[in-house]
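The values are calculated or read from the model by the stated rules, or taken from the named source; none is laboratory data. Predicted model only: the values in this text are computed from it and were never measured. Cβ placement follows ideal geometry from the backbone for every residue including glycine, while neighbour counts extend to all protein chains displayed. Quick note on the areas: whole protein, heavy atoms, side chains included, nothing else; ligands and nucleic acids left out. Shrake-Rupley method; radii C 1.70, N 1.55, O 1.52, S 1.80 Å.
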Amino acid sequence: MNRLGKLLLKTLSVSLLSVSLLACSSVQHHKKTAYHTKAKAFATLPDGLAFPEGIARNPSTGDIYVSTFSFAGNNTLLRYDKTGKLLAQIDFAKTPLLGLAFNTVDKKVYICNTGDLVGDKSRIQRVDGDFVTNAKVEDVAAIPHIGAPGSRTVNNPDGSKDTIIFGDNAAAPNAMTFNKAGDLLISDSFQGAVFKIDNAANCKKQCAVTTVIHDSLLATPGFPPFGANGLALNADESKLYIANTGDDRILSLDMATKELNVFAESINGADGLAMDANGYLWAAANQADKIVMFESTGKVHGKLGIPGRVNKDGSHSGLLFPASLVIADGTIYVTNLAIPLTPAKGDEVEEAVSKYTISAVKIPQHK
């Protein structure tokens, strides 16, 4: 088992009484529109940097921001212009970074810093959107340790039940989104929670963090071992969509009642989410090497991308472990995390990657 695998398994260890994930699927099969759109390389990370994960965009300038998630060090926040030219980068050394979000109020990039995973502290940070190389980064808030969510009962088709008990894991802020009021919503993959920072642009130093929801449906015993992940609000902000990567699900949270329901099932490695201007929800399916498009009912409307293959020079074509995405001007920009996660050797395409990319995928015309 490689070092990354050992660290993840140690951090994500859970205590299970009895687990069976063989329940019959209740997903209805609909006729889908399949889009085999080719993903083009938008940018390639500098040599020595690996595993691009988070992504955000400055709508005023078109700048694209990318973070890296590595347990081997060399974690970096990168700033590209709209053509894919690298403008600046900030070194975070050993601390893995996950999601990013751009705040149009203060023109700053907000960063999920997962320090808990390497003996530091997990927190939200921010930096000016036009940052230069090694600019100063500001701490916004520490992610609270609220413990494990309650147990989850799974009904089986034979009438039996399984109970999942989750461990008290590290704080792991993974994805973020801003609402129209300027509040920052944050998912926590290991604690099974969504947090909120009110009016983030105007809070200074240690901002107050409140819990929006803490629920067993936001944790996972599955693979990849990350629960609550990508976040996206619908147009009127009545619903918050939350990806659960290990459960292959997208959940829907009623923001008024806090009722949590399953929106879509069997999304192989549901990761980053984004809502487009037409009300379609897009999800990165990291284990399927696809981007999936959903109607408001949860019905799959189409899929983008051709799974990646590794070239002789260590680069790759197509999507490979797509993690986070952002939509702009009819194009989806997506990070190709391309990270091997299993202890076995030779079973993952990602093992051969040495040059890491951000892809640009054109959204085709659809009905």
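Once phi is turned into θ = phi - 60°, what whole-Hz ³J(HN,Hα) does the Karplus curve with 6.51, -1.76 and 1.60 give for every residue of region 321-335, x standing for Gly and Pro? Working through the residues one at a time gives 6, x, 10, 10, 9, 9, 10, 7, 6, x, 10, 9, 9, 9, 7 Hz. The share of C-alpha pairs in region 55-132 whose separation exceeds 19 Å stands at 31 percent. Using the Cβ-Cβ distance between residue 296 and residue 139 with R0 set to 56 Å, the FRET efficiency from 1/(1 + (r/R0)^6) comes to roughly 0.90. With each label modelled as a point 7 angstrom along the Cα→C-beta vector, the residue 156-residue 223 pair spans 2.1 nm. Mean separation of Cα pairs under 8 Å and 6 or more residues apart, divided by the residue count, gives region 129-207 a relative contact order of 27 percent.
Our analysis of region 180-224 gives Rg over Rh at 1.09, with the two radii drawn from alpha carbon positions and Rh computed by the Kirkwood formula. With a simple spin-label model that places each label point 7 Å from the Cα along the Cα-to-Cβ direction, the separation between residue 331 and residue 254 comes to 4.1 nm. Distance between the pseudo-spin-label points of residue 312 and residue 211 (7 Å out from Cα toward the beta carbon): 5.6 nm. Residues in region 71-88 carry Karplus couplings, in order, of 8, 9, x, 6, 6, 8, 9, 10, 10, 10, 7, 5, 9, x, 7, 6, 9, 6 Hz; the curve used is 6.51 cos²θ - 1.76 cosθ + 1.60 with θ = phi - 60°, and Gly or Pro positions show x. For residue 303, the aspartates and glutamates whose Cα comes closer than 14 Å to its Cα, not counting residues fewer than 8 places off in the same chain, are 289, 295.
Semi-axes of the equivalent ellipsoid of the chain are 27, 24, 22 Å, computed as sqrt(5λ) over the eigenvalues of the C-alpha gyration tensor in descending order. What percentage of all Cα-Cα pairs in region 103-158 are separated by more than 18 Å? Of the Cα pairs, 53 percent sit more than 18 Å apart. For region 112-177, the set of trypsin sites (Lys or Arg not before Pro) satisfying both a DSSP loop assignment and a count of at most 12 other C-beta atoms within 10 Å is given as 136.
Using the Karplus relation 6.51 cos²θ - 1.76 cosθ + 1.60 with θ = phi - 60°, the per-residue 3J(HN,Hα) values for region 168-181 come to 7, 8, 5, 6, 9, x, 10, 9, 9, 8, 9, 8, 5, 7 Hz, with x marking Gly and Pro. With K and R counted +1 and D and E -1, the other residues having a Cβ less than 12 Å from that of residue 207 yield a net charge of +1.
Between the listed residues 222, 97, 335, the Cα displaced farthest toward the positive end of the dipole of the chain, a dipole computed from Cβ unit charges relative to the Cα centre, is found at 335. Ligands, DNA and RNA left out, the 1.4 Å accessible surface of the chain is 50% carbon and sulfur atoms.
P(r) tail for region 141-220: Cα pairs beyond 15 Å make up 59% of the total.
Can you tell me the mean projection area, over all orientations, of the convex hull of region 175-260's alpha carbons? Units nm², please. Reported value for the Cα convex hull: 5.4 nm².
With 0.36 nm allotted per residue and the present C-alpha distance subtracted, the residue 262-residue 203 stretch has 17.9 nm of extension available. Residues whose amide H falls under 5 Å from that of residue 189, counting only those 5 or more places apart or on a different chain, are 172, 174, with hydrogens built in the peptide plane. May I ask you to derive the FRET efficiency for residue 348 and residue 44 from their Cβ-Cβ distance with R0 = 22 Å, giving the value to the nearest 0.05? Efficiency at R0 = 22 Å is approximately 0.60.
Provide the per residue accessible area, probe 1.4 Å, for the chain, rounded to a whole number of square angstrom. Could you put the intermediate results ahead of the total?
Numbers: 15650 Å² over 367 residues.
Accessible area per residue, the chain: 43 Å².
Over every Cα atom in region 291-346, the radius of gyration and the widest Cα-Cα span, Dmax, amount to 14.1, 43 Å. The residue among 311, 67, 156 whose Cα reaches farthest toward the positive pole of the charge dipole of the chain, with charges on the beta-carbon of Lys, Arg, Asp and Glu, is 311. A straight line joining the Cα centroids of region 300-362 and region 44-79 runs 14 Å. Residues whose amide H comes within less than 5 Å of that of residue 140, counting only those at least five positions distant or on another chain, are 124, 125, 126 (H built at 1.01 Å from N in the peptide plane).
Ordering of 351-359, 329-337 by packing is 329-337, 351-359, highest average first (other Cβ atoms within 10 Å, averaged per residue).
The alpha-carbon of residue 136 sits under 25 angstrom from the alpha-carbons of these lysines, leaving out residues fewer than 8 places away in its chain: 82, 85, 94, 107, 108, 121, 196, 204, 205. For the chain, the relative contact order works out to 16 percent when only alpha carbon pairs closer than 8 Å and six or more residues apart are counted. In the chain, the calculated helix contribution to ellipticity at 222 nm averages -1000 deg cm²/dmol per residue, counting -39,500 (n - 2.57) for every DSSP H run with n ≥ 4.
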